[in-house]
Amino acid sequence: MSPPPDKSNFVMTGLIVLFLALGVSFVFSPDRAPVRQDPELSKLVTPAPTTATLRITATQLKASGGDASILDCYACHDEKKPPTVKLGADGSIVFPKEHADLRLMMANCSACHVDKKLEVEYAKNGDVVMPKAHADLLAMGHGRNNRNTNCFNCHSQSKLDELVTRDGTKLTFAQAPLLCASCHGPTYRDWELGMHGRTNGYWDTSKGKAVRQDCNACHDPHGPAIPQIIPLAGPKPVLTHGLRSAATAAEGGGPKAEGGPPKAASQ
Amino acid sequence: MIANRPPESRDSISRRSFLRGSTAAAAGVAAMAAGLAPLRKLGEAISVDEFLQQHYKELKPEDMDKVLRRIEGEVERQYGVRPHVRDYKPMNGVEYVYALNLTRCVGCRKCVHACVAENNQSRDPAIQYIQVIKMPNGTFDMEKGDAHYAPESVPEKGFFYMPVQCHQCKNPPCTKVCPVKATWTEPDGITVIDYNWCIGCRYCEAACPYFARRFNFSEPTIPKDQINPEMSYLGNQPRHKGVMEKCHFCIQRTRVGRYPACLEVCPTGSRKFGNILDPNSEVAHILREKRVFVLKEEVGTLPRFFYYFDV
Amino acid sequence: MITAARNYTRFLARCFRCLFEGDWRYFLWVGLLTAVCSLGLNAYSKQIVHGLATTGMTDQVSWGVYIANFTFLVGVAAAAVMLVIPVYVYHNEDLHDLVIFGELLAVAAILMCLAFVTVDLGRPERFWHLIPFVGKFNFPGSMLSWDVIVLNGYLALNVYICGYLLYCRYRNVKPSKWFYIPFVFVGIGWAISIHTVTAFLYVGLGGRPFWNSAIVGPRFIASAFTAGPAIIIIALQIIRRFSSYEVRDKALMTLRSIVQVSMLINLFLLANEVFKEFYTDSLHVASAKYLFFGLHGHNALVPWIWTAISLNCIAMTLLAMPLTKRSLLWLDVACVMAIVGIWIEKGMGLVVPGFIPSPLGEIVEYLPTWNETLVCLGIWAFGLLAYTFFLRMSVPILNGRLNQTNEPGGESQQSGAKNAT
């Protein structure tokens, strides 16, 4: 009539053993966090942010006595791969093209140029020929299709410490933005209103200064295009974990990383 | 099937089965209690003050003061740096607007990392408020975009780069859905989060059309030497696991009149920020004169983040 | 007053004692469920310590199996109304004595829902922020606040109704109409509302085009009224098998008709959605494409959704055939298929694709971790345990075996029916 006690006792004993086993395993299990592990993430180092500009203006360079340390070197240089210095045949440092303008900026023009009218040499196809003494100091790259490679479009032929616009107006080097404006009017208008070029400091000028940049702080007048920059690290791809141990996922086994290679440009 | 049994034997059967059942039940309860064993590693229990802390809007100045001191103490204990945690109030007559020049952005991601450094974001797991999407020219279809680009140098030909962060919308879907009002729009336009009030339900993350919000799936880690000690309660105080965070227009900077960190490091000057209520600010000029647009306008969020092309 | 309280306490104590009485199959079932519960509790403790990084959720897919199960179970809870309507509105006699089992299922399901939502929170200790007037409750703005109100209200409603009716039966007192009929009718509307509010959680999000469709609400109700009664059909047969409680076949057939019609509506609404997505073929089709066919090489959910649709179609076919009228085994097969199919469709087929691709076009797939799965299993075990306990207490009361008249040492000395199962 009553249920067979053997089966009941058997089940009870089994359950008690099960509960004890579970309890013991809970209390004494090794402490391994069941968390998604992504070993690359832990090595992520945030580069120190810098408000340095890509270029250093002639004024800044001269004022600092040739110290270019405020430049944002790592915009173009890989922090982990320091650049090597090239030496010429005579053992002197060969300035890379990208830095040539630094040397040019420090130069004293009248050391080579006596106060007389300078001439431009033209090649057979009409291109301006860079004089040999300047050839390793700068590569002209102003304007598409070499439209603006004539030195005296901007420099005064007779006075080397002066700039000149197309209509003959003379400007000092400090007034260089006005020279840029003489061709790049809309950009200059934007720059005057703060719409072009970076402003640092305070947007609320009642509380502090707003620091604006001149054209030369970002644009090399001889090759104004912004140089290529090395991009910093983006968001790490998310590994799809799930139903596998953290260790296996860390080894990279299993489902591939999402968001990996860039998608092809299809339209 | 009614059987008449003498009361004693009836009771004894039920008593036996009761004892049997309760032994097993006790073992079961013990197993359940043992199941809680991992909680031993919970470490510092949440302080009573932190547990009972009221919502930001309910805190009186003296309560807020206590909270700020408590946070300063916690940060000092955790990172060995004594920070300055302040509660910056919005300025009158100010509404912030951000404008981003897509012609000038070269995709260098300096903004992303300046933000990480300024706002004490977790390095592991890595949280980044700003995501720069590399888009092929000629389309705004996000599916064709790629946030994980890693070429040798940028910009790449045929692409433009579009940074996306919280747009501080005028009609935000995220504040609508928060069940505890842990996120709301401040008078100066910034959508803020009270990290000490958020319950971590992630409804706001589901609601955001711009993937602007980030959740702390585990306790954030920040290297001690990279802590930014100038903190604000609604801004860059270090967060803890289980709460949401997002871009807040560098509230600790902008509310004292400074530019946000992302703007200050941009090498090409693509980022513009200011008070739209000031007709002479650069953002006011941009919105008047440039052809600005917003992302996903049809969703009706009315973002305060505008994109435009120069040329 | 004091006597009433003492009597009630005695009643509760006897119910509690009931839980420890049973044969070896009962103890085996309860014991195994408790073991799974403890595994779930252990996994959840790990989650409390380490955060939600123990789950497979990411910023891109920020809701996973917890919310998927929650969504499914709210539907099951709402389906109790499918027993209430035939009995209280249409005076169906066969189901009359079985309504309470549906309502008890609703209680168990709501408890599971509350558990799933709690384990999904990043800061569960801050639940008090949700209490109106104590915390800061975003009502009526946030649909989640509506959900908190309707779910807890529904729980209270069903606990009250079941508790009242069971206690009246225990005391051999005819339940007073005014103490339960109005609540039952409120419950009918309330049941529809709990599931509609849950649907509105998803529908109102403009940034998620997969969910931002008016059809989601009706699909929720249709699938709830398919899976819920199907579960009840199975539960009633279990009650019939393991107790002497009478469950007429006609009652099961009534429920079968409900499942049949609801499944037809459910599949029709699915067809509507599929047409709208794939015929329009706008950019918003991405999530649907991901779910049904895979997107850019990511196709983790494709086998799941096609399994679900196949199960639902086969179940619909079986239910349309007289076979399921004649053979309870085939009816059970159809019901299990419907339950599994709808669980997949509502869970991974709704929650996960809404996040893929992300609002910025990124595809990150989702797979639950072992820890996450254990927590889910623990909560399911808890719900089944709760329902088992409810039945273990209510069946003897309804049968008359557990009654005030046979309280040990009570006023009445008449020998009552045996309390052997």
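Just a few scattered comments:
- When C:354, C:347, C:341 are checked against the criterion of being modelled with pLDDT of 95 or more, crowded, with 17+ Cβ neighbours inside 10 Å and within 30 Å of residue C:251 (Cα to Cα), C:341 stands alone in meeting it.
- For segment C:129-156, a residue qualifies if it is within 30 Å of residue C:9 (Cβ to Cβ) and at pLDDT below 95, and the qualifying residues are C:131, C:134.
- Counted residues, segment B:107-131 - those being more than 7 Å from every other protein chain (Cβ to nearest Cβ), closer than 18 Å to residue A:229 by Cβ and either among the aliphatic types (A, V, I, L, M) or assigned to a strand (DSSP E or B) (or both): 1
- Residue satisfying condition, being at the interface with another protein chain (Cβ under 10 Å from one of its Cβ atoms) and either small (Gly, Ala, Ser) or farther than 30 Å from residue C:262 by Cα (or both), within set C:8, C:26: C:26
- The selection criterion, being farther than 24 Å from residue A:56 by Cβ, of a type in the set (Asp, Glu) and exposed (fewer than 15 other Cβ atoms within 10 Å of the Cβ), does not hold for residue A:161.
- Candidates are the residues of segment A:167-207 that are charged (D, E, K, R), within 14 Å of chain B (Cβ to nearest Cβ) and part of a loop (DSSP other than H, G, I, E, B); the one that is farthest from the chain's Cα centre (by Cα) is A:207.
- Scanning segment A:49-64 for residues that are at pLDDT 75 or above and either surrounded by fewer than 17 Cβ atoms within 10 Å (Cβ to Cβ) or within 14 Å of chain B (Cβ to nearest Cβ) (or both) yields A:49, A:50, A:51, A:52, A:53, A:54, A:55, A:56, A:63, A:64.
- Qualifying residue in segment A:183-199 (condition: more than 30 Å from residue B:277 (Cβ to Cβ), surrounded by 15 or more Cβ atoms within 10 Å (Cβ to Cβ) and at pLDDT below 95): yes
- Members of segment C:342-372 that are more than 7 Å from chain A (Cβ to nearest Cβ) and not in a loop (DSSP other than H, G, I, E, B): C:342, C:343, C:344, C:345, C:346, C:353, C:354, C:355, C:372
- Scanning segment A:77-93 for residues that are among the β-branched types (Val, Ile, Thr) and farther than 26 Å from residue B:108 by Cβ turns up just one, A:93.
- Screening residue C:336 against (1) away from chain A (no Cβ under 14 Å); (2) in contact with a Ser or Thr (Cβ under 9 Å, 6 or more places away or on another chain) leaves a single unmet condition, (2).
- Answer from C:272, C:266 - the residue that is under 23 Å from the mean Cα position of the chain (by Cα), under 23 Å from residue C:225 (Cβ atoms) and not in a loop (DSSP other than H, G, I, E, B): C:266
- Exclusive hit being in contact with a Gly (Cβ under 6 Å, 6 or more places away or on another chain), closer than 27 Å to residue B:276 by Cβ and modelled with pLDDT of 95 or more, set B:162, B:135: B:135
- In this structure, residue C:42 qualifies as in a helix (DSSP H, G or I), at the interface with another protein chain (Cβ under 8 Å from one of its Cβ atoms) and either out of contact with any His (no Cβ under 8 Å at 6 or more places or on another chain) or modelled with pLDDT under 95 (or both).
- Yes/no for residue C:17 being within 7 Å of chain B (Cβ to nearest Cβ), within 17 Å of residue C:396 (Cβ to Cβ) and assigned to a helix (DSSP H, G or I): yes
- Counting only helices (runs of 4 or more DSSP H) that sit wholly inside segment A:46-146, those with at least 1 residues that are under 28 Å from residue B:265 (Cα atoms) are A:58-63, A:100-106.
- Among residues of segment B:132-154, those that are buried (at least 20 other Cβ atoms within 10 Å of the Cβ) and in a loop (DSSP other than H, G, I, E, B), counted: 4
- Qualifying residue in segment B:176-185 (condition: hydroxyl-bearing (Ser, Thr, Tyr), assigned to a strand (DSSP E or B), free of Cβ contacts under 8 Å to residues at least 40 places away in the same chain and in contact with a Pro (Cβ under 9 Å, 6 or more places away or on another chain)): yes
- Those helices (runs of 4 or more DSSP H) of segment B:203-311 in which 1 or more residues are within 14 Å of chain C (Cβ to nearest Cβ) and within 22 Å of the chain's Cα centre (by Cα) occupy B:203-207.
- Some residue of segment C:295-306 being closer than 18 Å to residue C:226 by Cα and either crowded, with 22+ Cβ neighbours inside 10 Å or in contact with a helix residue (DSSP H, G or I) (Cβ under 7 Å, 6 or more places away or on another chain) (or both): yes
- In segment B:241-259, residue surrounded by the most Cβ atoms within 10 Å (Cβ to Cβ) [restricted to those that are farther than 16 Å from residue B:120 by Cα and of a type in the set (Val, Ile, Thr)]: B:254
- Note on segment B:185-202: residues that are of a type in the set (Asp, Glu) and either within 12 Å of chain C (Cβ to nearest Cβ) or on the phi > 0 side of the Ramachandran plot (or both) amount to 1.
- Residue within segment B:84-94 that is under 25 Å from residue B:219 (Cα atoms) and assigned to a loop (DSSP other than H, G, I, E, B) present: yes
- The lone exception for residue C:160 - which of (1) within 14 Å of chain B (Cβ to nearest Cβ); (2) within 23 Å of residue C:397 (Cβ to Cβ) it fails: (1)
The values are calculated or read from the model by the stated rules, or taken from the named source; none is laboratory data. It should be emphasised that the depicted structure is a prediction, and the values quoted were computed from it without experimental measurement. Using ideal geometry, Cβ is built from the backbone for each residue, glycine included, and neighbour counts are taken over all protein chains shown.
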